[in-house]
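Q: So that we are looking at the same thing, I have put the structure below in structure tokens.
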Amino acid sequence: MKDWINKRLESEKREMMPVMTYPGLEFTGKKIIDLVTNGEEHFRCIEALAKYYPTIASVIVMDLSAEAEAFGSKISFRNDDVPTIAEKLLPQLTDVDTLNMPEVGAARTNEYLKAAALAANQISDRPTFAGMIGPYSLAGRLADITEMMTYIIMDPENSHKLLRKATDFLKEYAMKFKQTGADGIVVAEPAAGLLPAYMCDEFSSGYMKEIVDYVQDDNFLVILHNCGNTVELVESMVSTGAGSLHFGNAINMKDIMPQVPENIIAMGNIDPAGIIKSSTPEQVKNITVQLLKDMKPYPNFVLSTGCDVPPGSPKENIDAFFDALHVFNK
């Protein structure tokens, strides 16, 4: 993966790595519930996309409910919608001592490990990146993200207890992904985008650094994703040691790139819902080309979506996204 990063930095042409798995359902004819509950069906979506689109990596879907489910959270499932948390697991933060640490593989985490193993072993022309939630975002899903903002101010001791349990689980989950043969992992920490920088350091980035230090090496890359307002958080994100940073569409990449060290790949940030799903192919193409023009001064930029491309995104728009890169590189 160190060589993979260097190749991106040295490339004369722009490349792309969208966070995109749900659109594979159009190729497989399955439903969302099949993808998020069955590792083999999940892999089939990834495989179909890899055969059709020239991405520089395959990416496991960004499901931010699976880890909370492993801890015991109730999840709402529907055939044609992404799973959501039905109710918070911890009625009060003071209940954190009663929260049991799940085994990695509990609930649907085993299916995601299966999908990663299949993709890593059967897609040989590009790396496979697994996916999981970040520590602060997981804590927020267990205790309610709005209340978590209050807890870290009013009860930092128990907040850190919850974050410790979340981080310890995520470290082992990331290691299991590494053992499947995956080449890296995208860690989604969107809730950290709600924090001021000094709180992000304490309640997110410090714990993220533990995960990075535990699994990242020359052959396994950690990509830290934050789709919040990260303009003031780039330094904190860099402090995690993650080998790559991934940014959402809440920010302008022109405000981000001057803050990113030249040896770190920064990815982003076409709006997956507002642009990829909801615009016309011409709009997708024009907006993407403009972003690429804005990023010309930065060799460490890789084109991506701001977050997971949602289900139901028109294939014509996704094709236009890729066409924009082709046109720009010509």
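Q: With the requirement that a residue be closer than 24 Å to ASN6 by Cα and of a type in the set (S, T, N, Q), what does region 289-330 give you?
A: ASN300, SER304, THR305, ASN329
Q: May I pose another question? Whether any residue in region 278-296 is among the hydroxyl-bearing types (Ser, Thr, Tyr), within 17 Å of PRO18 (Cβ to Cβ), more than 18 Å from the chain's Cα centre (by Cα) and surrounded by 17 or more Cβ atoms within 10 Å (Cβ to Cβ) is what I want to check.
A: yes
Q: Now for a different question. Hey, can you tell me all the residues within region 165-220 that are small (Gly, Ala, Ser) and more than 21 Å from LEU90 (Cβ to Cβ)?
A: Filtering region 165-220 down to residues small (Gly, Ala, Ser) leaves 166, 174, 181-182, 184, 188, 191-193, 197, 204-206.
Residues satisfying the conditions are ALA174, GLY181, ALA182, GLY184, GLY193, ALA197, SER205, GLY206.
Q: So, in region 41-56, how many residues would count as being without any contact (Cβ under 8 Å) to a residue 60 or more places away in the chain and either surrounded by fewer than 16 Cβ atoms within 10 Å (Cβ to Cβ) or among the hydroxyl-bearing types (Ser, Thr, Tyr) (or both)? Give the steps one after another, and end with the answer.
A: Kept after step one, since they are without any contact (Cβ under 8 Å) to a residue 60 or more places away in the chain, are these residues of region 41-56: 41, 44-45, 48-49, 51-52.
Within this subset, residues satisfying the condition of being either surrounded by fewer than 16 Cβ atoms within 10 Å (Cβ to Cβ) or among the hydroxyl-bearing types (Ser, Thr, Tyr) (or both) are 51-52.
The total comes to 2.
Q: Within region 248-270, work out how many residues are among the polar types (S, T, N, Q) and closer than 15 Å to GLY306 by Cβ. If you could, list the steps in order and put the result at the bottom.
A: Start the filter on region 248-270 by keeping residues that are among the polar types (S, T, N, Q), which leaves 249, 252, 259, 263, 269.
Those still in the list that are closer than 15 Å to GLY306 by Cβ too: 249, 252, 269.
Residues meeting the conditions: 3.
Q: For region 278-318, name all the residues that are assigned to a helix (DSSP H, G or I), touching a helix residue (DSSP H, G or I) at 6+ places or on another chain (Cβ under 7 Å) and charged (D, E, K, R).
A: LYS285, ASP294, LYS315, GLU316
Q: Scan region 11-40 for residues that are assigned to a helix (DSSP H, G or I) and without any contact (Cβ under 8 Å) to a residue 40 or more places away in the chain and report the count. Talk me through it step by step, then tell me what you get.
A: Step one: filter region 11-40 for residues assigned to a helix (DSSP H, G or I), giving 22-28, 32-37, 39-40.
Remaining after also requiring without any contact (Cβ under 8 Å) to a residue 40 or more places away in the chain: 24, 27-28, 34-35.
Within region 11-40, residues that are assigned to a helix (DSSP H, G or I) and without any contact (Cβ under 8 Å) to a residue 40 or more places away in the chain number 5.
Q: In region 1-23, how many are closer than 22 Å to ALA115 by Cβ and not aromatic (Phe, Trp, Tyr)? Outline the logic, then answer.
A: Quick first cut of region 1-23, residues closer than 22 Å to ALA115 by Cβ only: 1, 4, 16-23.
Narrowing the set further to residues that are not aromatic (Phe, Trp, Tyr) leaves 1, 16-21, 23.
Number of matching residues: 8.
Q: Checking the condition surrounded by 23 or more Cβ atoms within 10 Å (Cβ to Cβ) and within 27 Å of HIS326 (Cα to Cα), which residue from MET267, MET253 passes? Before you say what the answer is, go through the steps one by one.
A: Details: MET253 fails: surrounded by 23 or more Cβ atoms within 10 Å (Cβ to Cβ).
One residue alone meets the criteria, MET267.
Q: Working only within region 182-207, note down all residues that are acidic (Asp, Glu), assigned to a helix (DSSP H, G or I) and buried (at least 24 other Cβ atoms within 10 Å of the Cβ).
A: Within region 182-207, the subset acidic (Asp, Glu) is 183, 189, 201-202.
Okay, now just the ones that are also assigned to a helix (DSSP H, G or I), so 201-202.
The answer is none; no residue qualifies.
Q: Output the qualifying pairs, or none if there are none: Cβ atoms under 6 angstrom, residues six or more apart or on different chains, first residue in region 194-218 and in contact (Cβ under 8 Å) with a residue 60 or more places away in the chain and on the phi < 0 side of the Ramachandran plot, second residue in a helix (DSSP H, G or I) and surrounded by fewer than 17 Cβ atoms within 10 Å (Cβ to Cβ).
A: Hits for this filter: ASP218/LYS2.
Q: Please find, within region 41-65, the residue that is farthest from the chain's Cα centre (by Cα) out of those that are within 29 Å of LEU89 (Cα to Cα) and assigned to a helix (DSSP H, G or I). Before the answer, list the steps.
A: Step one: of region 41-65, the residues within 29 Å of LEU89 (Cα to Cα) are 41-42, 59-65.
Now narrow it down to the ones that are assigned to a helix (DSSP H, G or I): 41-42.
On the way: GLU41: 20, HIS42: 16 Å.
It comes out as GLU41.
Q: Which of (1) hydrophobic (A, V, I, L, M, F, W, C); (2) touching a residue at least 40 places away in the same chain (Cβ under 8 Å); (3) farther than 22 Å from ILE318 by Cα; (4) touching a strand residue (DSSP E or B) at 6+ places or on another chain (Cβ under 6 Å) is the odd one out, the single condition PHE247 does not satisfy?
A: In the conditions (1) hydrophobic (A, V, I, L, M, F, W, C); (2) touching a residue at least 40 places away in the same chain (Cβ under 8 Å); (3) farther than 22 Å from ILE318 by Cα; (4) touching a strand residue (DSSP E or B) at 6+ places or on another chain (Cβ under 6 Å), PHE247 misses (3) alone.
Computed from the coordinates by the stated procedures, all read-outs in this text should not be read as laboratory data. The shown structure was predicted, so the numbers you read here are calculated from the model rather than taken from an experiment. Ideal geometry is used to build each Cβ from the backbone, glycine not excepted, and the neighbour counts take in all protein chains shown.
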